[in-house]
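Each reported figure results from applying straightforward, stated rules to the coordinates on display, with no laboratory input. Here the structure is a predicted model, which is why all the values come from computation and not from measurement. For neighbour counting, all protein chains shown are included, and Cβ atoms are generated from backbone atoms with ideal geometry for every residue, glycine included.
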Amino acid sequence: MKGNHQQSSVLVALSKEHLVPVSSIDDICAGYLGKNKPFIRYLVEDKNFNGKKIAEVLSYNYGYPLIQLENFDTSLVPEGVRNEGLITKHNALPLFLRGKVLFVAMSDPTNLDALEEIQFNTGFSTELVLADEQGLHSCIEKVLEESDALDISDIDSEELSDLDVHEEKKEEDRAIDGEDDAPIVVFINKILLDAIKKGASDLHFEPYENIFRIRFRIDGILAEIAHPPVSLASRMAARLKVMSKLDIAERRVPQDGRIKLALSKKKSIDFRVSTLPTMWGEKIVMRILDSSSAMLGINMLGYELDQKKIYTDALEQPQGMILVTGPTGSGKTVSLYTGLNILNTAERNISTAEDPIEINLEGINQVQINNRAGLTFPTALRSFLRQDPDIVMVGEIRDLETAEIAIKAAQTGHLVLSTLHTNSAAETLTRLLNMGVPAYNVASSVSIIIAQRLARRLCPHCKEHELLSELQLAEQGFPTDKLSEIQLFKAVGCEQCTKGYKGRVGIYEVIKISNEISSIIMQGGNSLDIANQCQKEGYRNLRQSGLLKAMTGITSLNEVNRVTSG
């Protein structure tokens with residue numbers, strides 16, 4: 001037999017189960033020569049073999065246990081053994097420690113050199129477990145992405161200065177960035193790094209007459225972080241403007257820019273920067289745009305099962321309009337981007353008009369609205385419709401002209417996604433009517449409406465039971481038939497959270513436009529009529545969805561009261 005002995009050994013084992021004809025072994029080995037990929041991956045990707053079948057056969061023939069990695073908890077992988085070089089070199093993933101033994105998942109049981117090298121580098125004894133190639137490859141990518149994110153905590157603030165935007169600096173910029181301002185550079189880098197570590201969504205640099213404060217918005221709540229000397233406000237503003245490629249000499253009008261920080265090979269963070277002249281200097285607000293938030297997947301956003309089904313079913317339709325509504329900071333963009341990621345395939349032409357583009361999505365044609373240049377939402381939409389679109393996303397429906405074009409697109413064989421600033425699903429429909437959109441167009445084009453808020457998640461490490469009487473529970477709106485079963489939790493606070501909360505979860509009202517709701521629209525019904533019909537059809541409003549989150553211990557009743565009315 002030609003080829004590497006290990007490859008031939010694998011193929012012989014597969015031939016015993018008739019997965020590979022004996023006559024093809026030499027040809028397969030010859031075809032693998034020069035391929036820069038693991039042998040099992042070559043069989044799966046280039047030869048179309050079934051990865052799970054290969055794993056089962058090799059497990060039986062070589063006597064190694066088989067593991068399914070589809071639902072493997074990657075947090076079990078010890079941080080000290082997440083060596084990207086070894087993992088990618090050997091296509092081998094250390095899974096967990098049991099005593100002094102490190103269990104390593106591989107798809108090729110003949111690659112014993114990998115076990116020896118991992119053992120040498122980690123100092124642990126190694127045990128091999130077999131995994132199918134597709135599951136192993138996906139799990140490795142996930143672990144490396146997580147490790148990449150963890151690298152942030154190891155970055156020193158001085159190192160971060162090398163990761164700023166690589167712009168060609170003008171002479172006045174060099175003066176700002178000179179040796180005298182080295183402490184300013186280091187301080188700002190530390191602030192940016194702290195914001196990323198703390199999971200902040202926004203940073204506020206605010207000068208006043210006697211103080212200069214820096215605040216982070218964490219889980220939707222602003223918190224004071226630092227009070228540098230007020231004399232440094234102008235120098236810090238100049239430094240941030242240099243990083244954002246803004247005009248440092250212009251202090252009289254607002255400016256907008258961006259900063260891109262590459263924290264590692266695979267992890268970069270974008271900041272959207274806005275400057276505003278105030279009485280005592282320029283206030284600067286930076287929005288952190290982390291593309292990973294758009295890749296969470298719909299299961300991570302907080303939709304209940306019935307709500308998720310309504311949303312995904314609407315995404316599968318060839319036409320219609322999906323509207324997401326809520327105040328600024330309620331997570332509308334993430335909901336829309338999550339839907340676009342589900343739809344983003346090679347078979348679909350997707351175009352978006354956004355102001356601004358917050359997150360870059362590969363494979364989707366994103367257009368930045370520029371009103372000064374005449375590139376408005378209506379202009380972009382008209383152009384989209386001449387470019388054979390399947391799916392169109394409009395960042396926001398702000399006026400009648402945009403609404404009419406979007407509705408026309410939804411009625412002529414396109415799926416349209418957009419947002420509106422209203423408080424509930426029912427109010428979204430009446431807002432369109434108040435804009436001047438004919439009732440029959442609203443009733444015939446809108447498929448579903450999602451109203452949403454973001455509530456802080458209770459910290460699992462310190463939350464405590466909250467005792468309320470059945471009367472108090474009933475007054476809050478909990479189901480009267482379950483009052484005796486309800487267990488609530490309250491925020492406490494510990495070292496691992498912020499005042500008892502860590503992270504956020506979506507609270508949703510998801511309404512599918514039924515024939516009955518359409519009839520109310522056509523008859524000129526108001527938002528109260530529509531809301532009553534939604535209740536009759538069994539749709540939970542925002543308050544009811546929030547109470548459900550509290551009943552399951554995800555958030556507290558106080559938090560539900562904060563983000564929902566009533």
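Descriptive notes on the structure:
- Relative contact order of region 1-88, pairs being alpha-carbon contacts under 8 Å that are 6 or more residues apart, as %: 23 percent
- When each of the peptides 333-342, 277-286 is scored by the mean number of other C-beta atoms lying within 10 Å of its residues, the order from highest to lowest reads 333-342, 277-286.
- Taking 0.36 nm per residue of sequence separation and removing the Cα-Cα distance, the LYS16/THR278 pair yields an extension gain of 86.5 nm.
- Packing order of peptides 127-140, 461-474, highest average first: 127-140, 461-474 (average count of other Cβ atoms within 10 Å over each peptide's residues).
- The chain: Cys lacking any partner C-beta under 4.7 angstrom: CYS29, CYS139, CYS534
- Computed from the C-beta positions of GLU127 and ASN349 and an R0 of 56 Å, the FRET efficiency is 0.70 to the nearest 0.05.
- Rounded to the nearest 0.05, the FRET efficiency derived from the C-beta distance between ILE211 and ARG372 at R0 = 35 Å is 0.45.
- Paramagnetic label reach from ASN341 (point 7 Å along Cα→Cβ; backbone nitrogen cut-off under 20 Å): within region 382-402, residues 391-395.
- Within region 331-399, the percentage of alpha carbon pairs spaced more than 18 angstrom apart rounds to 34%.
- Relative pair counts by distance (%), Cα atoms of region 1-98, 5 Å bins: 2, 11, 19, 22, 18, 13, 8, 4, 1, 0
- Relative contact order, percent, region 370-426 [alpha-carbon distance under 8 Å, six or more residues apart]: 36 percent
- Computing FRET efficiency as 1/(1 + (r/R0)^6) for GLU470 and SER23, where r is the C-beta to C-beta distance and R0 is 60 Å, gives about 0.20.
- Take every Cα pair under 8 Å whose residues are at least 6 apart in sequence, average their separation, divide by the length of the chain, and the relative contact order is 9 percent.
- Peptides 51-61, 346-356 ordered by packing proxy, namely the average of other Cβ atoms within 10 Å per residue, highest first: 51-61, 346-356.
- Cα-based equivalent ellipsoid of region 189-283: semi-axis lengths in Å, sorted from largest, via gyration tensor: 22, 17, 11
- Taking 0.36 nm per residue of separation and subtracting the Cα-Cα distance, full extension of the segment from SER234 to LEU548 would add 108.2 nm.
- Options (i) 1.14; (ii) 1.07; (iii) 1.28 - which one matches Cα Rg over 2.2 N^0.38 Å as calculated here: (i)
- Calculated mean residue ellipticity, 222 nm, the chain: -11000 deg cm²/dmol, from DSSP H runs (n ≥ 4) at -39500 (n - 2.57) each, averaged per residue and rounded to 500.
- Take the Kirkwood radius over Cα pairs of region 436-563, plug it into Stokes-Einstein at 4 °C and 1.567 mPa s, and you get 79 µm²/s for translational diffusion.
- Were the residues from SER268 through LYS47 laid out at 0.36 nm apart, the gain over their Cα-Cα distance would be 76.0 nm.
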